Amino acid sequence: MSPIIPARPARDTRLDFIRGYLQLTIFASHTVGSFIGGWLIFGPWGLSDSSEQFVFLSGFTLGSVIARKSLRDGWPTAAPDIWRRTWRLYKVQLLVAFLYFAMVALAGATILPGEAQRDGWSFLLSHPIAGLAALATTLYQPEFMGILPIFIWCMLLLPGFAWMLARWGGRALLLPIAVYAAVHLFGLHTPAIVPNTGIAFDLFAWQILYMSGAWLGRRALLNGRALPFDAPWAKYATAAAIAMLSFGLAVRLDWYGVLPGHLLAHESTLIFGKEQLAVPRLLHALALAWLIARFVPRESAWMHTAWAAAIGRVGRYSLETFCLGLFLSWAASAVLHFHSGHLAELDLPLIAAGCVAMALFARFLDRKRTILPQVQTA
């Protein structure tokens with residue numbers, strides 16, 4: 001008997017908007033010296049930030065994609081499709097790395113002496129051949145070059161995990177959970193191959209978010225929904241999620257010295273640790289994802305207003321706008337560095353200009369995608 005192949009899910013306006021918002025906050029947070037990027041986005045007021053949601057949603061989307069392709073065409077066809085996507089992303093990672101290096105190296109030779117060294121490119125400058133080889137492995141990660149590799153490695157692993165989900169269902173999550181536990185119990189970690197450099201997003205830790213997203217993406221495809229919000233226990237999960245976000249806010253306020261006692265000042269790595277995705281940070285990210293899925297509707301009139309549609313387009317082309325955002329954030333940081341006495345006047349215009357540039361770029365890509373097929377068939 002042939003399996004029932006679910007229809008292609010309709011585009012989720014909510015997910016596009018959320019991804020777009022995440023891209024804009026990532027740009028702002030990467031702008032060094034920005035008050036907006038440092039304080040007026042959600043990251044500084046909790047234990048997790050945009051990165052966790054971005055990884056989780058990527059797993060959710062591709063988990064649904066490979067599940068449907070596997071049912072329609074078989075796993076031997078679906079898996080290479082994901083690996084082709086991975087290869088394309090890998091080429092983007094290399095291109096972004098080379099262009100970013102060229103930018104900071106030029107700045108270091110002209111207006112910002114030592115900029116390449118400050119951003120972690122010393123090894124490539126002193127050992128060009130070995131540095132290029134190290135970059136190719138994605139295990140040499142200068143500033144901002146550690147973000148895309150986590151997607152590359154998780155996408156490589158996704159077909160195998162999808163195969164496990166098809167056979168064992170949710171029990172397949174036991175393997176990603178065990179690997180994540182080994183990070184915190186036994187010190188399992190992704191090695192950096194260049195001395196005095198680190199891994200921004202440890203694969204063995206961060207894969208738990210990606211694979212959890214893939215599991216839920218498959219559930220959403222097959223069941224019409226990812227999470228049973230009408231289940232008797234759902235209200236307790238919602239209460240726990242609210243409590244987790246409240247705890248995160250309290251920890252941050254304590255860390256900033258707002259609350260009396262400053263009790264957690266010496267335990268920040270155990271709570272905030274990003275490289276290895278500290279357990280409270282993971283729980284905070286999952287709690288935030290639960291509450292968004294629970295209370296933000298899939299479709300709403302405000303999502304189709306001009307400003308929301310612009311943010312949604314940024315999310316629709318999240319990879320392209322993310323890459324542009326890396327260069328824009330460096331440029332904005334450089335302007336703030338040279339005009340540090342005018343941060344208050346420059347901060348909002350620079351962040352606003354960067355967000356508008358990303359929105360216009362996404363609009364250009366959207367129009368290009370719409371027009372090109374018509375030109376080809378004219």
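The values are calculated or read from the model by the stated rules, or taken from the named source; none is laboratory data. Just so it is clear, the model here is predicted, and its values are computed rather than measured. Every residue, glycine among them, receives a Cβ derived from its backbone with ideal geometry; neighbour counts consider all protein chains shown. Quick note on the areas: whole protein, heavy atoms, side chains included, nothing else; ligands and nucleic acids left out. Shrake-Rupley method; radii C 1.70, N 1.55, O 1.52, S 1.80 Å.
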>> Please give the Cα centre distance for segment 191-232 versus segment 308-347, rounded to the nearest Å.
In response: 27 Å
>> If the only charges are +1 at each Lys and Arg Cβ and -1 at each Asp and Glu Cβ, what is the size of the charge dipole of the chain around the Cα centre, to the nearest 20 debye?
In response: 1580 debye
>> Using only the alpha-carbon atoms, what does the chain span along each of its principal axes? Please give whole angstrom values in decreasing order.
In response: 68, 66, 46
> Within segment 208-245, what residues put their amide N at less than 15 Å from the label point 7 Å along the Cα-to-Cβ vector of F42?
Replying inline: 241-245
> Between D81 and V258, what FRET efficiency follows from the Cβ-Cβ distance if R0 is 35 Å, with the result rounded to 0.05?
Replying inline: 0.10
> What is the distance, in nm, between label points placed 7 Å from the Cα along the Cα-to-Cβ direction at N223 and at L270?
Replying inline: 3.5 nm
> Which aspartates and glutamates does K274 reach when only Cα atoms under 12 Å apart count, and residues fewer than 8 places away in its own chain are ignored?
Replying inline: D49, E52, D202
> For the charge dipole of the chain, defined by +1 on Lys and Arg C-beta atoms and -1 on Asp and Glu C-beta atoms about the Cα centroid, which residue among T137, L221, T61 has the Cα displaced farthest towards the positive pole?
Replying inline: L221
> Put a dot 7 Å past each Cα toward the Cβ at R167 and A231; how far apart are the dots in nm?
Replying inline: 2.5 nm
>> Taking the full set of protein chains and a 1.4 angstrom probe, give the accessible area of W45 in square angstrom, rounded to the nearest 10.
In response: 100 Å²
>> For a Förster distance of 22 Å, can you work out the FRET efficiency between the beta-carbons of A133 and L156, rounded to the nearest 0.05?
In response: 0.70
> Near K91, which lysines are there with a Cα under 23 Å away, not counting those fewer than 8 places off in the same chain?
Replying inline: K368
> Ordered by residue, what ³J(HN,Hα) values in Hz, to whole numbers, does segment 273-278 give under the Karplus form 6.51 cos²θ - 1.76 cosθ + 1.60, where θ = phi - 60° and Gly and Pro are x?
Replying inline: x, 8, 3, 9, 6, 3
> So which DSSP H runs in the chain come out at 30 Å plus along the axis (Cα) with average Kyte-Doolittle of at least 0.5?
Replying inline: 75-109, 147-168, 234-255, 343-377
> How much accessible area per residue does segment 157-206 have, in Å², with a 1.4 Å probe?
Replying inline: 53 Å²
> With the calculation restricted to Cα positions, what are the radius of gyration and Dmax of segment 134-250 in angstrom?
Replying inline: 17.1, 52
>> Once neighbouring chains are kept in place and the probe is 1.4 Å, which whole percent of the accessible area of the chain is contributed by carbon and sulfur?
In response: 69 percent
>> For a quick check: with amide H placed at 1.01 Å from N, whose amide H comes under 5 Å from E275's, ignoring anything fewer than 5 positions away on the same chain?
In response: none
> Hey, what's segment 1-108 come to in accessible area per residue, 1.4 Å probe, Å²?
Replying inline: 45 Å²
>> Considering only C-alpha atoms, what is the centroid distance from segment 128-152 to segment 9-72, in Å?
In response: 22 Å
> Of F361, F322, F60, F247, which has the most accessible area and how do the rest follow, probe 1.4 Å?
Replying inline: F247, F361, F60, F322
>> Test of understanding: extend the Cα→C-beta vector of S340 to 7 Å, then name every residue of segment 29-51 with backbone N under 20 Å from that spot.
In response: 29-39
> If the viscosity is 0.692 mPa s and the temperature 37 °C, what Stokes-Einstein diffusion coefficient in µm²/s follows for segment 102-168 when Rh is the Kirkwood radius over Cα pairs?
Replying inline: 236 µm²/s
> Roughly what % of Cα-Cα distances in segment 25-153 sit above 20 Å, to the whole percent?
Replying inline: 59 percent
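Normalised by the number of residues in the chain, what is the relative contact order in percent for Cα pairs under 8 Å and 6+ residues apart?
30 percent
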> How much length is gained if the chain between K91 and A181 is pulled fully straight, taking 0.36 nm per residue apart and subtracting their Cα-Cα distance, in nm to one decimal?
Replying inline: 29.2 nm
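With the radius of gyration and the Kirkwood radius both derived from the Cα set of segment 269-378, what is their ratio Rg to Rh?
Here Rg/Rh amounts to 1.08.
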